[in-house]
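> This structure is in C-alpha cells; I'll ask about it shortly.
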Amino acid sequence: MIGTGILKGMAVTARNFVGSYFDKERLITVQYPEERNPLPENYRNFPFLVYDGDDPQAGLRCVACKICEKECPPQCIYIVKSEDKKPDYMGKPQFYPKIFDIDVSVCMSCQICVEVCPFEAIKMDKEFELSRRERFDALLMRKDDLAKSNDYYRRISPTDAAQVDAKLAAAAEAAAKRKAAAPAASKPATPAASPAPTRASS
Amino acid sequence: MESLEEIKARIEAAVPGAKIDIVTNGGPSQQHSLRVDNEHACDVAKWLRDDPALRLDFCSNVTGVDWLDRTVKKTVKVKKVVDGEEKEVNETTEEKIPGHIEAVYHLYSMTHKHGPVIIRIRTSDRVENACLPSLTPIWRSAEFQEREIFDLYGVKFDGHPDLRRILMWDEFEDYPMRKDYREPDDYEYEPTPHDDVLERAKPYYTPRPQIDGAESIVEGSKPT
Amino acid sequence: MSEGIDEVLRSKLQQQGVWVSSMQELYNWGRKNSIWPLQFGLACCAIEMIATAASRYDIARFGGEVFRPSPRQADLMIVAGTVTKKMAPQIVRLYNQMADPKYVIAMGACAISGGPFKQGYNVLKGIDRYIPVDVYIPGCPPRPEALLHAFMELQRKIDEQKLSGANKAAHLDSEQPSEFPVPAFGKHDLEPPANPDVFHPPKLERV
Amino acid sequence: MSATVETLEAMERPPVSMGSRLEGELLEVSMGPQHPSTHGVFRMNVALEGEVVRKLKPVFGYLHRNHEKIGENVSYLGSMPYTDRLDYFCSMTNNWAYALSVEKLAGIEVPERAEYLRVILAELTRLQNHASLLGFLLNDMGAWGTPLMYAFREREKILDLFESLSGSRMMCDYMRFGGCRVDASREWLAYAKKIVDRFPRFVDELEQLIVGNEVVIARTQNVGNVSPELAVSAGITGPMLRACGVNYDVRKVDGYGFYPRFKFRIPLGEHGDTYDRLMMRVLEMGESVGILKQAFEQIPAGPIINPKVKIRAFRPPVGEAYGRIEAPKGELGFYLISDGGTNPYRYRVRPPSFINLTILEDMCLGHTVADVMVILGSIDIVMGEVDR
C-alpha cells in the first residue's frame, strides 16, 4: 500500500525522538562549555616538552638532538641547539635547545616526534581550546609555552607516564651500576646516590 | 596465471613485430613487468584484454614515473686472464640512460580473478617527444588517469578522447610532478624555517619585493 | 547609542526590577546569537563541522545551526579545510558575495597556513592572504568542541564591537573595504600570491 | 528547436527569454565547486535541455593537495599521517593500504594480532563510512538532516572507539609498517564488541527508513543504471561494481590480511541502479558486523608490531610494489618505487572514488538534474581522495 513506507519511517523518527530521553545509546547532546566528554587517555593534540623538577628551563629533558625536527612530516618544529652545556636538574651538564618553536598552525598531530624521540622529552598534550584571533604570534609556541612538568604529564596520561618513568628509572639505574662498576678512581666526583628511583616514586 | 615469459612468447606470436622486454624487479614484492614498444602498445593491450586465457579486463592503476638522465653503474665479476693467470676481476660498466617518462599500467582480470600483469611504455625523451599511445580506447578506466599524467607530467597521449588539464587550472604551464619542477616562491611567513625549503624555490623565481629588501634598493638608487 | 552604562547604577536598577541596556548591547546580543554560517566545506575539517552541527555537539545551542547554501544569507564563513590555489578565487568571490557584517573562521591547520600540505605546489599558505580572518582554530582537524570554542570566541568578539566612535566595527566604517580583489590564475602561481592590503606577516627574527 | 553540441566548451549559450520554452535549448550550468550536495568541492559542467541532462563534464582539482608530490618528499613513515587525509572518512583503511604496500615493498611480516586488529578497524571503518554515506544520500534526496543525524550518531560511537585507541577521531595514524602502533586493551575490545553487537539495531532502523519508502524507491530505482561491461571496462570497484552484479571483492580475490579466515558473503546487485548501490551498503554493513564478531572471538594475544622494522631511517630495498585493499569505497591501491633511499622515488595512490567517477556522465545522461545529485551521492566520493 502506498504510504506504508513513509509511515514506517515516521515510526523510526518517533522512536528516536522518544528514545533519546531514556536511552543512553542514542547519545544526547553534550552541553559543551559546562559539561565535557572525558577525553580518552590516548587523545593527542599538540606536542609539549616535558621537564623534570621545578625549573621549566633547567629541567627540560630535551637535549636539542634535532631528530624530531628532521622527522616531522610537515616541518613545523624549529630548534636551535645551544653552544654550551648547562647542568640539568640533576646537575649533569647537557646541551639544551636555545630555541624550540612549534608552529601549531602547521602541526598535524601525527605524534611522529613522540615516537622518534630517544629521550622521552616530547609528548602529546590534550589541550584543544586554542582558538585565537591572531595567527602569527599566538599560534607559534615558544619554548616557554611548550615546557610542562612531568607531573602534568602524569596527570593527563597516567599509564604512559608511569611506563616512561619506569623506563627512565631503569636506564638511570643501569647507568649508575655501570658507573659503579667502572674504576672509581677515574671519576672521583660521582654523585653518591642515584636520584632516579626517588623520582619514579614521587 | 602463466608466467611472464610465457605471456611474452604468446604476445610476440600474436602481435607480429612487437618488442617486449621483461623488466625484473629485484625487491621482495617480485612484481615484474613487461615493457612494450610504443607502436604496438595498443595491439598488445587489446590482445591482453581479449585473450581468453588472460582476459585482463580491468586496468586498475595507471601511473606516470619521471626518470631523469642517470647513469647506472654495474659491477660484474668477469674472469680475465691477468699475467697469465685466470682471475676474477670486478669490472664496472657505466650505462647512461637518457631521461624519459614512463607510464605504468597495472592490469587485473575480473573474469579469472588473477593479476597483476604490469605493462610499461616510455617516451623517447622528456621534452619534445613526450608522447605515448593512449590505452583509453581499450580500458576506459585509463581516461582520467592518463589525463592526470598529461596534467602533472606533460605526456601527450595520442588517441585520448579528451586530453585536458584535470587537476591544475588551464592557464598553468608547468608539470609539477616532474622531478625538476620548482614551485613558486611564496614562503613569506615561515616561523619554522627549514632553509632547504626556502633555498629550493629562490633561484627559479624573481624574489618578491616585500621580503627581499627591494625597497632599500629603490631607496639606494635615489640621488642623495 | 551610549558608549556604556554605569555598572553600579545598572545593578541597582536590576535589583529594582528595571533592566537597562544600550543599543549597542542589544544589537550585538542579537547578532552574536544568530550567526548563520555558510554551508561550505572544503576538506577533512568540514566533516568535523558537520559533526559539530549534528546532534551530539549541536551548534544550534549557540544559534549557528542555520547553514545557508547561499553566501547572500550567511554571516559567517567557516573555511573548513585545505584551500588550494585553484579554489582560492572562488572563496574570495564567495566572501565578496556575503552581506556585511561578515566573519571568517579559519578552521584547521590547512586553512590557517596551509598546514601539513603547506609545501604543496597547489596549496594556498593560509586563507588570510586574501581575506581577513577573525578567529583561527589550530588542529588537524580540530575537535568539534574546539570549533564550538572558536564560535564562542567569535561571539565574544562580536560582543566587543562598537557601534560608533573611532574604533567602530569594520562593517559600519564606510572606509573599510568589504570586498577584496579576486586573485587570477597565473602561469605558475596565483596572481598576486597574496593581497598586501590584507596579509601582513611580521618580520621574523632569525638566529 | 534542438541544438546539437559537440563540446561543452564550444557551445554558445542560447538566448533564454522568459516566454520561451526551455525544451530543445541547451543551457549550460556549472554546479559547484560550492554546492550543498556535491560532497565537497566537486564541480560539474552540465548541459541541460529543459531539466534533462544532455552532457556532463566533471571538473576536478579544487582539493588537489599534492599528496603524491609530498609523499615523494617525506620519509616512508612521514607519509602515513598524510594517508589519513586522503579519504578522511576512512583513515584506517588508507593506513592499511599504505602499510600493506610498504610491507610488500620491503618484505615485512606482520604479527597475527596486528592483522586481526587491522581487520577489526577496517571493518569498523566500513561500518561508519557506509552509515554516513546513507545519511548523506538521503540528505541529497531531500530527507534533510534526520537520517544524517542518526548516521552521525552511530559514527560518533565508532569514532569514540578510534579515539580511545589511536588518539584521534578522524586522523588515526594508527598503522605502522609491520604492525600497529598501540595495542588494544581487553576493555577496548569488550567495548567495541558491545558497540558492534548493537549496530544491527541501527541497520534495521535505517532499513525500515529507506527500503520500503516510496520516495526513496521513486528517486532511486532505474536511476543511473550501469551495465556490468561498462563498469568493468571503466575500472569501477567496490560496492558500485558489485551493484552491477560483478562478483569482485579484493578481500576475497587477494585474500590479504586474514580475510580468508573469516566467513562472509559478497552481496551482489542485479540492475546496477542507484537503489542497488544503496542496498549494497546496507547489506555490506551486515556482513561487516559478521566479520567483526568472528574477529573478536578469534583475536589471539601476542605482539602487535614486527620488532625488526626500524622507525627511523627506514630504507626498503630497491624495487617497486603495488598493494591494494578493498576500502569502503572500492579498490584502494598504493604504487611505490623505491630507489633505496629514505623517501619513495614514486608514490602513487590509486583512488577508488576518482576512477568511479569516470562513468558519471554515462549514468546521468537522460536523467534530470535532481537525479544527478542522487547518482553522485550513490557513487560515494570524497574529494580528498578524488583530487588528492
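The values are calculated or read from the model by the stated rules, or taken from the named source; none is laboratory data. Since the model is a prediction, treat every value here as computed from it, not as a measurement. Heads up, the Cβs are rebuilt from the backbone with ideal geometry, glycines too, and the neighbour counts pull from every protein chain shown.
> Which one of these does D:Glu115 not meet: (1) over 30 Å from D:Thr342 (Cα atoms); (2) touching a Phe, Trp or Tyr at 6+ places or on another chain (Cβ under 9 Å); (3) of a type in the set (D, E, K, R)?
(1)
> While we're looking at this one, here's another question. Return the only residue of C:Tyr130, C:Tyr95 being away from chain D (no Cβ under 14 Å) and within 15 Å of the chain's Cα centre (by Cα).
Result: C:Tyr130 is the single residue among C:Tyr130, C:Tyr95 that is away from chain D (no Cβ under 14 Å) and within 15 Å of the chain's Cα centre (by Cα).
> Let me ask something else about it. Among the residues of region D:75-93, is there at least one that is within 14 Å of chain B (Cβ to nearest Cβ), at pLDDT 90 or above and under 16 Å from D:Asp254 (Cβ atoms)?
No.
> Next question, about the same structure. In region C:166-189, which residue that is touching a strand residue (DSSP E or B) at 6+ places or on another chain (Cβ under 7 Å) and farther than 17 Å from C:Asp134 by Cβ is farthest from the other protein chains (Cβ to nearest Cβ)?
Among residues in region C:166-189 that are touching a strand residue (DSSP E or B) at 6+ places or on another chain (Cβ under 7 Å) and farther than 17 Å from C:Asp134 by Cβ, the one farthest from the other protein chains (Cβ to nearest Cβ) is C:Pro183.
> Among the residues of region D:24-56, how many are surrounded by fewer than 18 Cβ atoms within 10 Å (Cβ to Cβ) and within 14 Å of chain B (Cβ to nearest Cβ)?
Residues meeting the conditions: 1.
> If you scan region D:332-356, which residues turn out to be more than 7 Å from every other protein chain (Cβ to nearest Cβ), among the aliphatic types (A, V, I, L, M) and over 13 Å from D:Arg388 (Cβ atoms)?
D:Leu336
> Just one of A:Glu69, A:Glu83 is more than 25 Å from A:Arg155 (Cβ to Cβ), more than 7 Å from every other protein chain (Cβ to nearest Cβ), surrounded by 15 or more Cβ atoms within 10 Å (Cβ to Cβ) and not hydrophobic (A, V, I, L, M, F, W, C); which is it?
A:Glu69
> Output the residue which, of all residues in region D:154-166 that are without any contact (Cβ under 8 Å) to a residue 12 or more places away in the chain and within 7 Å of another protein chain (Cβ to nearest Cβ), is farthest from D:Met285 (Cα to Cα).
D:Glu163
Residue-wise test of (1) among the aliphatic types (A, V, I, L, M); (2) in a helix (DSSP H, G or I); (3) out of contact with any Gly (no Cβ under 9 Å at 6 or more places or on another chain).
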site	(1), (2), (3)
C:Cys110	no, yes, no
C:Tyr121	no, no, yes
C:Lys125	no, no, no
C:Asp128	no, yes, yes
C:Gly139	no, no, no
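> What pairs come up if the first residue lies in region A:1-30 and is in a helix (DSSP H, G or I), the second is of a type in the set (Phe, Trp, Tyr), and their beta carbons are under 8 Å apart, counting only those six or more places apart or on different chains?
Between residues of region A:1-30 that are in a helix (DSSP H, G or I) and residues that are of a type in the set (Phe, Trp, Tyr), the close pairs are A:Asn16/D:Tyr150.
> I would also like to ask the following. Please specify each residue of region C:51-60 satisfying the condition of being in contact with a Phe, Trp or Tyr (Cβ under 8 Å, 6 or more places away or on another chain) and without any contact (Cβ under 8 Å) to a residue 24 or more places away in the chain.
Scanning region C:51-60 gives C:Ala53, C:Ala54, C:Ser55.
> Give the number of residues within region A:92-117 that are within 14 Å of chain D (Cβ to nearest Cβ) and in contact with a helix residue (DSSP H, G or I) (Cβ under 7 Å, 6 or more places away or on another chain).
Matching residues across region A:92-117 total 8.
> Among the listed residues B:Glu146, B:Glu95, B:Glu102, identify the single one that is acidic (Asp, Glu), more than 9 Å from chain D (Cβ to nearest Cβ) and touching a residue at least 60 places away in the same chain (Cβ under 8 Å).
Selected residue: B:Glu146, the only one of B:Glu146, B:Glu95, B:Glu102 that is acidic (Asp, Glu), more than 9 Å from chain D (Cβ to nearest Cβ) and touching a residue at least 60 places away in the same chain (Cβ under 8 Å).
> Looking at region C:38-50 only, could you name the residues that are surrounded by 23 or more Cβ atoms within 10 Å (Cβ to Cβ), touching a Phe, Trp or Tyr at 6+ places or on another chain (Cβ under 7 Å) and either farther than 20 Å from C:Ile91 by Cα or not aliphatic (A, V, I, L, M) (or both)?
C:Cys44
> Moving on to the next point. Using the structure shown, decide if D:Val386 is of a type outside the set (D, E, K, R) and either out of contact with any Ser or Thr (no Cβ under 6 Å at 6 or more places or on another chain) or at positive phi (or both).
no
> Next question. Could you list, ordered by first residue, the pairs with Cβ atoms under 9 Å in which the first is in region D:101-113 and more than 9 Å from every other protein chain (Cβ to nearest Cβ) and the second is buried (at least 24 other Cβ atoms within 10 Å of the Cβ) and of a type in the set (Lys, Arg), at least 6 apart or interchain?
If the second residue must be buried (at least 24 other Cβ atoms within 10 Å of the Cβ) and of a type in the set (Lys, Arg), the pairs left are D:Val110/D:Arg118.
> What are the residues in region A:137-155 that are surrounded by fewer than 19 Cβ atoms within 10 Å (Cβ to Cβ) and either within 14 Å of another protein chain (Cβ to nearest Cβ) or touching a His at 6+ places or on another chain (Cβ under 9 Å) (or both), if any?
A:Asp137, A:Ala138, A:Arg142, A:Asp145
> Limited to region B:146-186, what total is found for residues that are hydrophobic (A, V, I, L, M, F, W, C), in contact with an Asp or Glu (Cβ under 7 Å, 6 or more places away or on another chain) and within 16 Å of C:Tyr121 (Cα to Cα)?
Summing the residues that are hydrophobic (A, V, I, L, M, F, W, C), in contact with an Asp or Glu (Cβ under 7 Å, 6 or more places away or on another chain) and within 16 Å of C:Tyr121 (Cα to Cα) in region B:146-186 gives 4.
> Right, another one. Quick one: D:Pro352 ticks every box in (1) in contact with an Asp or Glu (Cβ under 9 Å, 6 or more places away or on another chain); (2) modelled with pLDDT under 90; (3) closer than 18 Å to D:Ala243 by Cα except a single one, so which number is it?
Failing condition for D:Pro352: (2).
> Let me ask something else about it. Given the conditions (1) in a loop (DSSP other than H, G, I, E, B); (2) in contact with a strand residue (DSSP E or B) (Cβ under 8 Å, 6 or more places away or on another chain), which single one is not true for A:Val50?
A:Val50 satisfies every listed condition except (1).
> Another question about this same structure. Please return the ranges of helices (runs of 4 or more DSSP H) entirely within region C:18-98 where 1 or more residues are basic (Lys, Arg) and either touching a His at 6+ places or on another chain (Cβ under 9 Å) or within 18 Å of C:Ile131 (Cβ to Cβ) (or both).
By residue number, C:88-97.
> For residues that are within 14 Å of chain B (Cβ to nearest Cβ) and either surrounded by fewer than 14 Cβ atoms within 10 Å (Cβ to Cβ) or not aromatic (Phe, Trp, Tyr) (or both), tally how many sit in region D:307-324.
11
> Only one of (1) over 30 Å from D:Leu165 (Cβ atoms); (2) not in a loop (DSSP other than H, G, I, E, B) is not met by A:Pro56, so which one is it?
(2)
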